[in-house]
Amino acid sequence: MSKISLLIINGKNANNSALRKAVYQLRDEGFDLQVRVTWESCDVRRFVQEAIDINAETVIAAGGDGTINSVASELIHLSLSSPPILGIIPLGTANDFATSAQIPRDMENTLNLAIKGRAVPIDIITVNKTHYFINMATGGFGTKITTETPEALKSALGGAAYFINGLLSIDALKADHCTIEAENFHWEGESLILAIGNGRQAGGGQKLCSEALINDNKLNLTIVEAHELLPSILSSMFDRKKNDKIIERESRWVNISASHEMVFNLDGEPLLGNKFEFIVLPEAIHCRLPPQCDLLS
C-alpha cells in the first residue's frame with residue numbers, strides 16, 4: 001500500500017495546468033496523492049487535520065510564502081509529535097522561502113521533490129508562543145511594503161512589485177522606537193527596518209538575513225537604524241554592502257518591546273502588539289528540500 005500525500009493548493013492557484021499534469025503523472029506511477037483546494041482561511045487547519053487523521057506521510061503546501069507558512073504552522077499547532085513531512089510547491093508572487101531553498105519552479109520537478117525528496121529536520125520560530133513562521137518576520141518600513149503592495153501590482157510585476165511599492169511609499173517612512181534584547185545583546189533606539197530570519201529573504205527577494213540557516217537552532221536578527229540616510233539604506237539593503245548602521249546578530253531568542261503598537265509581518269500574516277517574544281523551536285518539523293539547499297548547515 002503506497003503512502004499517502006495530501007496536496008493543499010491555495011484557491012487562487014487551483015487552475016495551474018502544469019501542476020494538474022504533474023499530479024496525474026505521479027498518480028499514474030502509483031502514488032496516493034490526494035488534493036484539497038482552499039476557499040477560506042480556516043480550510044488550511046481543516047485539511048492539515050485531515051492529513052493527520054489519515055496518517056499522510058507528506059503534506060504539500062502549494063502557493064506563496066503565506067500558504068507555506070500556514071501549513072507549517074498548522075503542522076506544529078495540531079501535531080503533538082511526529083507531524084507529517086512538509087513539501088513545498090512555490091506558486092506565489094515572491095516565493096522567498098522556496099527561492100532561498102533552491103526549490104525548483106517547474107511543476108514536475110518540484111512535485112517530485114515534495115513527495116520523493118529527502119526529508120530534513122528544520123527549525124520553526126514561535127512568536128509570543130501563539131504564532132509561528134518558517135521564513136521571516138519583518139517590522140517597520142519592510143512590513144509596510146509587503147503588507148500594502150496591491151494584488152494587481154504583484155500580479156503584473158511579480159516580486160519587483162514590492163520594490164516599486166517601497167519607492168512609492170518613501171514619503172510615509174516612520175521609525176519605531178523600541179528595545180531589543182537577545183543573547184549577549186541589548187539595543188534601544190529608532191529602527192527603520194527589523195528582520196528576524198529563519199530563512200534569508202523577504203519582500204520579493206531582499207536578503208535581509210543573508211547568513212541565516214534553517215537548521216542551526218538560531219534565528220538571525222537584522223536592525224536598520226533610522227538615522228541612516230535613505231539612499232545608503234537602499235544601497236546597503238539591495239546590494240548587501242556592509243554598513244555600520246545595519247546591525248546583525250544570531251541568537252536562540254529575541255525580545256522586542258515598544259511603548260506604541262508595532263506590526264510584524266510573519267510570512268504574510270500581520271501581528272500587532274507592543275511586546276514580541278521570538279523563540280527558536282529546533283528541528284520542529286521535517287521538510288523535503290533539494291540536495292543543493294543553501295539554507296542547511
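The table below lists the values:
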| read-out | value |
| --- | --- |
| Charged-residue dipole, Cβ positions (Lys, Arg, Asp, Glu), the stretch 24-150 about Cα centre, Debye nearest 20 | 280 |
| Gyration tensor (alpha-carbon) shape descriptor, the stretch 86-125, a/c threshold 1.5 | oblate |
| Under the Karplus curve 6.51 cos²θ - 1.76 cosθ + 1.60, θ = phi - 60°, whole-Hz ³J(HN,Hα) for the stretch 98-108, x wherever Gly or Pro sits | 4, 5, 4, 7, 6, 6, x, 9, 6, 5, 5 |
| Per-peptide average of other Cβ atoms within 10 Å, ordering 276-283, 129-136 highest first | 129-136, 276-283 |
| Highest average packing first - 91-100, 24-33, Cβ atoms within 10 Å | 91-100, 24-33 |
| Bridge type composition, the stretch 1-149 - antiparallel percent by DSSP, nearest 5 | 15 |
| Sites matching GluC sites (Glu not before Pro) across the stretch 179-215 that sit in DSSP coil, with at most 14 neighbouring C-beta atoms within 10 Å | GLU183, GLU211 |
| Partners for LYS116 among aspartates and glutamates (Cα-Cα distance below 16 Å; same-chain residues under 8 apart left out) | ASP28, GLU29, ASP32, GLU57, ASP106, GLU108 |
| The stretch 1-119: C-alpha gyration tensor shape, a/c 1.5 cut-off, then a/b vs b/c | rounded |
| Cα-based shape type of the stretch 56-128, given that a ≥ b ≥ c are square roots of the gyration tensor eigenvalues and the cut on a/c is 1.5 | oblate |
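Values quoted throughout were computed directly from the atomic coordinates according to the rules given, and no laboratory measurement underlies them. Source: prediction; values computed, not measured. FYI the Cβ positions are ideal-geometry reconstructions off the backbone, even for glycines, and counts take in every protein chain you see.
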